1. Got at least one residue in segment 33-45 being surrounded by fewer than 18 Cβ atoms within 10 Å (Cβ to Cβ) and among the hydroxyl-bearing types (Ser, Thr, Tyr)?
2. Could you list, in sequence order, all residues of segment 1-31 that are surrounded by fewer than 13 Cβ atoms within 10 Å (Cβ to Cβ) and under 15 Å from residue 61 (Cα atoms)?
3. Report, by residue number, each residue of segment 15-41 that is over 15 Å from residue 4 (Cβ atoms) and either in contact with a strand residue (DSSP E or B) (Cβ under 8 Å, 6 or more places away or on another chain) or touching a residue at least 40 places away in the same chain (Cβ under 8 Å) (or both).
4. I'd like to verify a number: residues in segment 1-38 that are part of a loop (DSSP other than H, G, I, E, B), out of contact with any helix residue (DSSP H, G or I) (no Cβ under 6 Å at 6 or more places or on another chain) and either closer than 21 Å to residue 81 by Cβ or at pLDDT below 85 (or both), how many?
5. Does residue 52 qualify as being surrounded by fewer than 16 Cβ atoms within 10 Å (Cβ to Cβ), part of a helix (DSSP H, G or I) and more than 12 Å from the chain's Cα centre (by Cα)?
Amino acid sequence: MNLVEMYSKIPQDQRNSIGQQLLHELGGGNRNIDTNNISPQQLANLHQEAAQKDPGILARIRKHPLMAGVIGAVGAYEVDKHFGQAH
């Protein structure tokens with residue numbers, strides 16, 4: 001499962017929350033993203049940007065309480081794989 005597929009499996013409100021957190025961690029910036037309607041592709045792009053800029057961002061996001069819903073939707077293995085924790 002790739003990032004777009006993973007993020008497409010979670011509810012819109014959770015995508016928005018994760019996206020807002022990633023944008024905050026990335027320092028905001030002038031991105032053309034509606035934070036109330038973040039698409040799976042936009043979230044995957046933010047995820048990849050965070051992974052390249054500072055992998056610690058993903059570690060912090062992974063510990064966020066809202067990730068419990070993501071884990072429930074896609075499974076712990078898939079989440080860990082994309083957040084750098086799968087073995």
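The values are calculated or read from the model by the stated rules, or taken from the named source; none is laboratory data. Keep in mind it's a predicted model, so treat the numbers as computed, not measured. Here the Cβ is made from the backbone with ideal geometry for all residues, glycine too, and neighbour counts use every protein chain on show.
1. yes
2. 24, 27
3. 17, 21
4. The total comes to 6.
5. So residue 52 fits the description; yes.
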